[in-house]
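Here the structure is laid out as structure tokens; the discussion comes afterwards.
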Amino acid sequence: MQDNERIESSELPISRPKSWEHPGRRRLPVLAAVVLVVVALIAAYTALFGKSKAAPEVTFKTLSGEHLTTQQLRGKVVLVNFWATSCVTCVKEMPMLVETHQKYAPQGYETIAVAMNYDRPDFVLNFAQTRGLPFKVAYDVDNSVAPAFFDTRVTPTTFLIDKQGRIIKRYVGEPPKLELHALIEKYLRS
């Protein structure tokens with residue numbers, strides 16, 4: 001071909017992807033994949049958070065020697081708090097848990113603070129006594145309670161349970177006070 005010759009565009013072979021011929025064909029698989037992912041996410045969310053799960057049937061062994069089961073707590077709104085004396089956030093949230101307990105206990109609310117099994121029993125007892133904790137303090141001596149509560153390992157982890165024994169909410173970290181109080185009030189009324 002010489003420099004002065006021009007090739008007409010109609011002379012060039014045109015190679016277009018087949019998807020250009022039918023624009024809907026290319027988008028359909030992508031759209032279907034997106035729809036499937038969205039449906040799967042909705043199903044997973046509903047399975048995890050859509051329905052209240054029953055609190056596990058466990059026996060709390062309190063520092064006072066009392067054995068208390070989740071079955072015995074039915075009819076009350078219950079807060080179960082997993083904590084450790086070595087956990088800075090746990091220690092920080094205790095005054096709020098004390099205040100919450102004192103405010104709602106006369107209305108049918110119960111608090112159980114469950115010390116993790118790796119905590120020293122003498123530290124747990126000393127903490128409860130020196131702080132004058134007004135609620136039940138349990139020690140998970142045989143590591144049976146924390147695993148039953150959905151394999152709880154992180155402290156603080158708090159579960160709020162309704163009067164029928166269903167878990168309303170799980171908090172990892174310190175629960176926001178206003179949100180927690182609003183939930184407690186709602187479920188005490190129901």
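The values are calculated or read from the model by the stated rules, or taken from the named source; none is laboratory data. Predicted, not measured: the structure shown is a model, and the values here were computed from it. FYI the Cβ positions are ideal-geometry reconstructions off the backbone, even for glycines, and counts take in every protein chain you see. Ligands, DNA and RNA are stripped out before the accessible areas are found, and what is left, the full protein with its side chains, is counted by its heavy atoms. Shrake-Rupley method; radii C 1.70, N 1.55, O 1.52, S 1.80 Å.
With all pairs of separate Cα atoms included, region 89-146 yields a Kirkwood hydrodynamic radius of 12.1 Å.
Across region 150-162, computed HN-Hα scalar couplings (Karplus, 6.51 cos²θ - 1.76 cosθ + 1.60, θ = phi - 60°) run 6, 6, 5, 10, 8, 10, x, 10, 10, 10, 9, 10, 7 Hz from first to last residue, x flagging Gly and Pro. Residue pairs exceeding 22 angstrom between C-alpha atoms, taken from 76/136; 53/103; 92/177; 76/169; 53/76: 53/103. Rolling a 1.4 Å probe over the heavy atoms of the protein chains gives region 132-190 an accessible area of 48 Å² per residue.
Oblate is the label for region 62-106. Its Cα gyration tensor axes, ordered a ≥ b ≥ c, give a/c of at least 1.5 and b/c at or above a/b. Carbon-plus-sulfur accessible fraction, region 45-190 (probe radius 1.4 Å, protein heavy atoms only): 54%.
Would any residue of region 79-94 have its amide N under 14 Å from a label point 7 Å out along Cα→Cβ of residue 151? List them or say none. Correct set: none at all. Each label point was placed 7 Å from the Cα along the Cα-to-Cβ direction; for residue 166 and residue 107 their separation is 2.0 nm.
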